[in-house]
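The values are calculated or read from the model by the stated rules, or taken from the named source; none is laboratory data. Quantities reported herein were computed from a predicted structural model and do not represent experimental measurements. Positions of Cβ are backbone-derived with ideal geometry, glycine not excepted, and every protein chain shown enters the neighbour counts.
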Amino acid sequence: MNDIVIIGNGGLAKEIAEYIDNINDSNPTWNLLGFSTNDPSQIGNYIHKYKVLCLDKEISNWRKQLGLVIGVGFPNRISEISEYFINKNY
């Protein structure tokens, strides 16, 4: 299974976690490690049974290959996040 992290930890991120769980019920594909956030006070919290692991910017330090999905519903934030990870060669 492929490791994946959801960027964000709000309502859309929770929905995406549920979608990933549903995919895995019929065809185990993703090892959902958890969520990232831009709010340090959220680290360690659980959302939809998965932990908020790290800050968004810390994902680029991950040592293993990692899939990412943006679970943020604000277009300007999506653009900012996309640009950040594209510039990091993700």
Inset, instruction - Scan Leu66, Leu33, Leu55 and give me the residue that is among the aliphatic types (A, V, I, L, M), under 14 Å from the mean Cα position of the chain (by Cα) and more than 15 Å from Gly8 (Cα to Cα). - result: Leu66
Legend entry - Residues that are in contact with a strand residue (DSSP E or B) (Cβ under 7 Å, 6 or more places away or on another chain) and closer than 20 Å to Glu15 by Cα, drawn from segment 38-52: Asn38, Gln42, Ile43, Gly44, Asn45, Ile47, Tyr50, Lys51, Val52
Inset, instruction - Sort through Asp25, Asp21 and tell me the only one that's in a helix (DSSP H, G or I), among the acidic types (Asp, Glu), surrounded by 14 or more Cβ atoms within 10 Å (Cβ to Cβ) and modelled with pLDDT of 95 or more. - result: Asp21
Inset, instruction - With the condition kept exactly as written, say whether any residue in segment 72-90 is in contact (Cβ under 8 Å) with a residue 24 or more places away in the chain and part of a strand (DSSP E or B). - result: no
Legend entry - Residues of segment 57-71 satisfying the condition of being farther than 18 Å from Ile20 by Cβ and outside any loop (DSSP other than H, G, I, E, B): Lys57, Glu58, Ser60, Asn61
Inset, instruction - Would you mind telling me which numbered condition in (1) of a type outside the set (Ser, Thr, Tyr); (2) closer than 22 Å to Gln65 by Cα; (3) assigned to a helix (DSSP H, G or I) Ile7 fails? - result: (3)
Inset, instruction - Exactly one condition in (1) more than 14 Å from the chain's Cα centre (by Cα); (2) surrounded by 13 or more Cβ atoms within 10 Å (Cβ to Cβ); (3) of a type in the set (Ser, Thr, Tyr) is not met by Ser79; state its number. - result: (2)
Inset, instruction - Quick one: count up the residues across segment 3-14 that are over 16 Å from Leu53 (Cα atoms) and surrounded by 14 or more Cβ atoms within 10 Å (Cβ to Cβ). - result: 1
Inset, instruction - Please indicate, with yes or no, whether at least one residue in segment 67-76 is among the aromatic types (Phe, Trp, Tyr), at pLDDT 95 or above and surrounded by 11 or more Cβ atoms within 10 Å (Cβ to Cβ). - result: no
Inset, instruction - Return a yes/no flag: does segment 34-49 have any residue that is touching an Asp or Glu at 6+ places or on another chain (Cβ under 6 Å), among the hydrophobic types (A, V, I, L, M, F, W, C), free of Cβ contacts under 8 Å to residues at least 60 places away in the same chain and surrounded by 15 or more Cβ atoms within 10 Å (Cβ to Cβ). - result: no
Legend entry - Selection count, segment 4-18, where residues are at pLDDT below 95 and over 20 Å from Ser82 (Cα atoms): 0
